[in-house]
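Asks: Sharing a structure here in structure tokens format.
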Amino acid sequence: MAVRRSLRKSNEKASIVPLMTHFEVIVDRSGSMETMKQNDVYIPIEKMKELIADQIKIAKKTGGIIKMSLTSFDDTSETYYTNKDIGELENISDKKWVKMLKPRFTTRLIDTAIERLSSQKEYIENFSNSLSKEVKHLDPIVKRVFVLYTDGYDNVSVKNSKDLNVLLKEEREKGLIAIFLGANQDAISTGNRFGFSKKTGIELSGESKGSFDPNKTCTT
């Protein structure tokens, strides 16, 4: 009996390369993130560079399509790249990184996360619906990865942590891989409050570069 690919159970281990992997990445740039510096190196920028470089390597190795949207937020949110092929993000300048992620102002975490989750969901639905009948018949894997890098504080959002928790759990049940990168905090407990799995909470400290290997969780 032939083994069918699953479009929605995309977080299951599989040897089949996904037709497309989509990363929705959100990075906190509020003033409290200023502590995430080590020897004049701003850790969030370095981690985002590593994430992009790793996914470019995977795309080249497997031939799979990897796309990414990148948003940063303080008291407002700005999406700088929307559904871009990962290779297009290879040469972002240091000046652009500073513009995107330099710490400032207050924190609109929850509203931003909910907005970007909804945007990713819509994009994946449109992508899946646009596939030809022949491709749909193969029941291809489309993987969704949601990454939130923050110190966990919110003092601006209209919605609350329960709203995000409910939405994240609903999407995780549909196959979303959700990773919480906690800046100078207990990533497991904070992430779990927002609806992230305890298994995908990673603490990154300003005193230590920590360990962030998304490929152990998000291998395409």
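Asks: Would you confirm, using the coordinates I've provided, whether residue 171 is within 26 Å of residue 84 (Cβ to Cβ), charged (D, E, K, R), surrounded by fewer than 18 Cβ atoms within 10 Å (Cβ to Cβ) and within 19 Å of the chain's Cα centre (by Cα)?
Replies: No; evaluated as a whole, the condition is false for this residue.
Asks: State whether the residues of region 160-168 include one that is over 14 Å from residue 24 (Cα atoms), in contact (Cβ under 8 Å) with a residue 40 or more places away in the chain and of a type in the set (A, V, I, L, M, F, W, C).
Replies: Looking for residues that are over 14 Å from residue 24 (Cα atoms), in contact (Cβ under 8 Å) with a residue 40 or more places away in the chain and of a type in the set (A, V, I, L, M, F, W, C), one finds at least one in region 160-168, hence yes.
Asks: Separate question: What number of residues in region 75-89 are more than 12 Å from residue 23 (Cβ to Cβ) and charged (D, E, K, R)?
Replies: The total comes to 3.
Asks: Which of the residues spanning region 92-106 are of a type in the set (Ser, Thr, Tyr) and within 17 Å of residue 77 (Cβ to Cβ)?
Replies: Step one: list which residues in region 92-106 are of a type in the set (Ser, Thr, Tyr), which gives 93, 106.
Residue satisfying the conditions is 106 alone.
Asks: For region 75-90, name all the residues that are over 17 Å from residue 113 (Cβ atoms) and of a type in the set (Val, Ile, Thr).
Replies: If the condition is that a residue be over 17 Å from residue 113 (Cβ atoms) and of a type in the set (Val, Ile, Thr), then 86 is the only one that fits.
Asks: Could you check region 18-101 for strands (runs of 3 or more DSSP E) lying wholly inside it with 1 or more residues that are open to solvent by 60 Å² or more (accessible area, probe 1.4 Å), of a type in the set (S, T, N, Q) and within 27 Å of residue 122 (Cα to Cα)?
Replies: In region 18-101, 77-85 are the strands (runs of 3 or more DSSP E) which contain 1 or more residues that are open to solvent by 60 Å² or more (accessible area, probe 1.4 Å), of a type in the set (S, T, N, Q) and within 27 Å of residue 122 (Cα to Cα).
Asks: Right, next: Please go through region 70-105 and pick out each residue that is touching a helix residue (DSSP H, G or I) at 6+ places or on another chain (Cβ under 7 Å) and of a type in the set (S, T, N, Q).
Replies: 71, 72, 77, 83, listed by residue number.
Asks: Give the residue, chosen from 93, 30, that is without any contact (Cβ under 8 Å) to a residue 24 or more places away in the chain and either within 28 Å of residue 194 (Cα to Cα) or small (Gly, Ala, Ser) (or both).
Replies: Within the list 93, 30, the selection yields 93.
Asks: Among the residues of region 188-214, what is the count of those that are modelled with pLDDT under 55 and either surrounded by 13 or more Cβ atoms within 10 Å (Cβ to Cβ) or polar (S, T, N, Q) (or both)?
Replies: 5
Asks: Right, something else. Against the condition within 24 Å of residue 106 (Cβ to Cβ), at pLDDT 95 or above and in contact with a strand residue (DSSP E or B) (Cβ under 9 Å, 6 or more places away or on another chain), how does residue 148 come out, does it pass?
Replies: Criteria met by residue 148.
Asks: Something else now. Do we find that residue 124 is in a helix (DSSP H, G or I), modelled with pLDDT of 95 or more, open to solvent by 10 Å² or more (accessible area, probe 1.4 Å) and touching a Lys or Arg at 6+ places or on another chain (Cβ under 7 Å) in this structure?
Replies: Spelling it out, residue 124 is indeed in a helix (DSSP H, G or I), modelled with pLDDT of 95 or more, open to solvent by 10 Å² or more (accessible area, probe 1.4 Å) and touching a Lys or Arg at 6+ places or on another chain (Cβ under 7 Å).
The values are calculated or read from the model by the stated rules, or taken from the named source; none is laboratory data. Not measured: the values here are computed from a predicted model. Using ideal geometry, Cβ is built from the backbone for each residue, glycine included, and neighbour counts are taken over all protein chains shown. Only protein heavy atoms, including side chains, enter the accessible area calculation; ligands, DNA and RNA are left aside. Shrake-Rupley method; radii C 1.70, N 1.55, O 1.52, S 1.80 Å.
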